[in-house]
Amino acid sequence: MNNKANKNDNETGDAKSKDLEMNREDATDQFLTTNQGLRINDNQNSLKAGERGATLLEDFILREKITHFDHERIPERIVHARGAAAHGVFQVYESMAKYTKAKFLCDPSRETPVFVRFSTVAGSRGSTDLARDVRGFAVKFYTDEGNFDLVGNNIPIFFIQDAIKFPDLIHAVKPEPHNEIPQAASAHDTFWDFVTLMPESMHMIMWLMSDRAIPRSFRMMEGFGIHTFRFINEEGKACFVKFHWKPLLGVHSVAWDEATRISGKDPDFHRRDLWEAIDDGAFPEWEFGVQIVAEADEHKFEFDLLDPTKIIPEELVPVQRIGKLTLNRNPDNFFAETEQVAFHPGHLVSGIDFTNDPLLQGRLFSYTDTQLSRLGSPNFHEIPINRSVAPVHNNQRDAQMRQTINKGRVSYEPNSMGGGCPFQAMMKDGGFHTHEERIDAKKVRARSESFHDHFSQATLFFNSQSEAEKNHIVDAFSFELGKVDIIEIRQRMLGILTQVDMTLATKVADKLGLKVPAKPEEPVNHSFGADTDPQSVQPTKVKSSIEKSDALSMANTVKDTIKTRKIAFLAADGVDGDALNSMKDQLEKAGAKTKVIAPKLGKITSSDGKEIAVDESFLIATSVVYDAVFVPGGQQSVNALKEEMDAIHFVNEAFKHCKAIAATGEGVDFIGETFAGKTKDDKAVILNKDNANDTAQSFIKAIAEHRNWERETARKVPA
Ligand code: HDD
């Protein structure tokens, strides 16, 4: 019998580590061998007929090595190909037994190992991290009762309502088929052609055009399970649940111009950021949130809980924070872990169940199917990163790359020859029991009328944004549609935008040099079969019970920490060493990371003759990968910086991207000359000629605010 469920948390975590340990190579003090274990004597030369002769077919060592190399690549994921991942743990704060019998959510003393992979959706494996895109947020919980995968995104809704449209959506957003352009970008004709004909995508499009689609860091993104799921408790009572991840560092994004530059300067920006934070011991953390709705309240909302293009506003059902996820270990091997991990929304544990959300239902087919072509065998669950820590016993057998050596003659059930083993688990022993939902309906290809409202939550999202966020949305639409060649598609999008917000439509139209349709063009609903007249089923707009939701704006996020923020110190020989070190100490005490950037690598000498190590030269460094800039005094240092075009560009660019800038002593003159008074009254430019003690505190406050977007709206950016 499986008595693993009685084991305590540490044993579970250990089990996963041991599991991975068994497969982890350690070549320390070992000989080089072939795959058959034969020790290799010469790994430099192939076997030849004479020193200058042809290579011999006999060279099995050469052939084995080259053959393996030739087959090193596996197909990349059809979506979410580009990603980065980390190991960690999850722990619930208090038992959720009232709602669910899932043991990992009922025992606050239990630490559940997890593996989390973040990704972009559209780009290939080698594409930039900073594409405007949705981010995947997939969590594999290795629970005592089997693996539970929460395969979500950083946006709480999806483009389409029915999985049958997924291949169309992805074909439209991927590079166009005739010339494979553009990579990792939605700014092209086919994407906008499709979405303007699918008005159900409009809520998601609003999020995609917002700064949520260009996160500052994976560590500063929310995550969402999107679909409505079910919790089932020990008594078999069900309720609806939506899952959330809330980052403790807050939700922050970069500016679009910054994103495009980071893509050139450091396309691995997010991957590196995650890796370095974990490496430095600054473990990323998220709280796990749930929105719970009683079964009896299923129909009390103005939207359908089964519609994946809708959120439940937090004002209607608050998010209860019930546990914490901490990422604390980088993978040892990208391929073995991050590339081979196989998530699946159908990897469930008892106590959690699906709803009839038609997008979720279709996903339940797709994920196993895709692993067959990607990982090549139905035995993908035996790859160490995918293995359950709960014992696996069934009568499945054989197939390519089988690892398990099943013993005995019996691989069927029922059997008497194997003593009836393995046998079915009763519910009290954790046997999975599907929630018994009553169904009394016609078999139809149709979409419920309750799915027809495509605009009210798009409007709610827009109304909930700050001024700066609204401006960014206008800019994003103008950029994306500006890259669309076919004018009719731009025009069609403007027609749809009028249904969301007239001011938004007008501003975008103005930037595109087009007119907003005088009478809002009726968007045609294409969500029906050939026999339905699309005009007869126009999308509707239901009156939303709330006008604005604070939770939807990043302006209301956590702004009281500078932990893990990267601050650039610009300096040269003759720098005021005391000012530099004092600022460094105070920022690092608050959790930030500082780097000294100078005209060349090596060391600089401070005005009092002390050596200071240089982290990056101006040739290597770029402002876009930093969160803030500090220019300490020291006349000689400042004179040198004034001669350095890259130093001037550095602060200019940081200013343009609304970052906090501080200067003390003669450093103030550098800022003064560079910006010619434009920094006056700017709350995120802290200038202090006298090195006053509170400079660092004001600087820390400005960095914690993330960006001074007001600078942008005042349109006084000099760069
Ligand atoms: Fe999906 C991968 C998230 C709809 C089919 N999806 C994939 C990943 C994430 C999501 C995060 C990457 C997992 C990883 O890191 O390995 N997908 C979503 C979300 C959706 C969604 C949040 C809507 C709410 N997906 C969706 C639909 C289908 C798929 C409707 C197909 C009908 N998704 C796949 C896939 C992928 C995948 C083709 C590619 C690689 C993989 O599964 O393992 O099966």
* To do: At 0.36 nm per residue, minus the direct Cα-Cα distance, what do residue 265 and residue 393 gain on full extension? Give it in nm, one decimal, please.
  => 41.1 nm
* Structure fact -> The orientation-averaged projected area of the Cα convex hull of region 187-290, in nm², is 9.8 nm²
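Test of understanding: what is the full-extension gain from residue 49 to residue 589, defined as 0.36 nm times their sequence separation minus their Cα-Cα distance?
Values: separation 540, 0.36 × 540 = 194.40 nm, distance 6.61 nm.
Difference between extended and current length: 187.8 nm.
How much length, in nm to one decimal, is gained on full extension between residue 335 and residue 417, taken as 0.36 nm per residue of separation minus their Cα-Cα distance? Please list the in-between numbers first.
Details: separation 82, 0.36 × 82 = 29.52 nm, distance 4.14 nm.
Net length gain for the segment: 25.4 nm.
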* Asked: Using Cα-only point scatterers and the Debye equation, what is log10 of I(q)/I(0) for region 541-689 at each q in 0.14, 0.20 Å⁻¹, rounded to two decimals?
  -> -0.64, -1.24
* Rounded to the nearest 20 Debye, what is the dipole magnitude of region 579-624 about its Cα centre when Lys and Arg each give +1 and Asp and Glu each give -1 at the C-beta? -> 60 debye
* Dividing the convex hull volume of the alpha carbon atoms of region 585-653 by its residue count, what do you get in Å³ per residue? -> 96 Å³
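Considering only DSSP beta bridges with both partners in the chain, what is the antiparallel share in %, to the nearest 5? Please list the in-between numbers first.
Values: 59 of 78 bridges.
Beta bridges within the chain, antiparallel portion: roughly 75 percent.
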* Efficiency of FRET between residue 66 and residue 680 - r from beta-carbon atoms, R0 51 angstrom, step 0.05 -> 0.20
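Against the empirical 2.2 N^0.38 Å scaling, what ratio does the C-alpha Rg of region 615-687 come to? The partial results should precede the final answer.
Details: Rg = 11.3 Å, N = 73, 2.2 N^0.38 = 11.2 Å.
Normalised Rg, Cα atoms only: 1.00.
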* To do: Just need log10 I(q)/I(0) for region 442-570 at q = 0.15, 0.17 Å⁻¹, Debye formula, equal scatterers on the alpha-carbon atoms, no solvent, rounded to two decimals.
  => -0.87, -1.01
* Asked: Applying 1/(1 + (r/R0)^6) with R0 = 35 Å to the Cβ-Cβ distance of residue 555 and residue 401, what FRET efficiency is obtained, to the nearest 0.05?
  -> 0.10
* Computed magnitude of the charge dipole of the chain (debye, nearest 20; Cβ of K, R +1, Cβ of D, E -1) -> 520 debye
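Over the chain, consider all pairs of different Cα atoms and compute the Kirkwood hydrodynamic radius from their mean reciprocal separation; express it in Å, one decimal. Mind dumping the intermediate values first?
Details: mean 1/r = 0.0351 Å⁻¹.
About 28.5 Å, per the Kirkwood formula over Cα pairs.
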* Return an integer: the convex hull volume of the alpha-carbon atoms of region 52-110, in Å³ per residue. => 230 Å³
* How big is region 643-719 in terms of Cα radius of gyration and Dmax, in angstroms? -> 11.8, 32
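What percent do you get for the relative contact order of the chain when only Cα pairs under 8 Å and 6+ apart count? Don't skip to the answer; put the middle values down first.
Details: 1357 pairs, mean separation 83.8, N = 719.
Relative CO of the chain lands at 12 percent.
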* Asked: If you take the C-alpha gyration tensor of region 297-370, multiply each eigenvalue by 5 and take the square root, what semi-axes do you get, largest first, in whole Å?
  -> 30, 20, 11
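How large is the Kirkwood hydrodynamic radius of region 443-517, in angstrom, based on all distinct alpha carbon pairs? The partial results should precede the final answer.
Working: mean 1/r = 0.0742 Å⁻¹.
About 13.5 Å for region 443-517.
What do the square roots of 5 times the Cα gyration tensor eigenvalues come to for region 126-243, in whole Å, largest first, as semi-axes of the equivalent ellipsoid? Show your work: numbers first, answer last.
Working: eigenvalues 186, 61, 37 Å².
Ellipsoid semi-axes (Å, largest first): 31, 18, 14.
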* Asked: For region 250-360, which whole percent of the accessible surface, found with a 1.4 angstrom probe, sits on carbon and sulfur atoms?
  -> 48 percent
* Asked: Taking R0 as 60 Å, what's the FRET efficiency between residue 515 and residue 652 from their Cβ-Cβ distance, rounded to 0.05?
  -> 0.95
* What is the log10 of I(q)/I(0) for region 246-340, computed with the Debye formula using one identical point scatterer on each Cα and no solvent, at q = 0.18, 0.19, 0.25 Å⁻¹? -> -1.01, -1.04, -1.25
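I'd like to check one number: the per residue accessible area of the chain, probe 1.4 Å, reported in Å² as a whole number. Provide the component values of the computation, followed by the final result.
Values: 33890 Å² over 719 residues.
Roughly 47 Å² per residue, with all protein chains present.
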* Structure fact -> Quick calc: nm separation of the 7 Å Cα→Cβ label points for residue 298 and residue 566 -> 5.0 nm
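The values are calculated or read from the model by the stated rules, or taken from the named source; none is laboratory data. The structure presented is a predicted model; accordingly, all values stated were derived computationally and were not measured. Using ideal geometry, Cβ is built from the backbone for each residue, glycine included, and neighbour counts are taken over all protein chains shown. We work out accessible area using only protein heavy atoms, side chains counted, and drop any ligands, DNA or RNA first. Shrake-Rupley method; radii C 1.70, N 1.55, O 1.52, S 1.80 Å.
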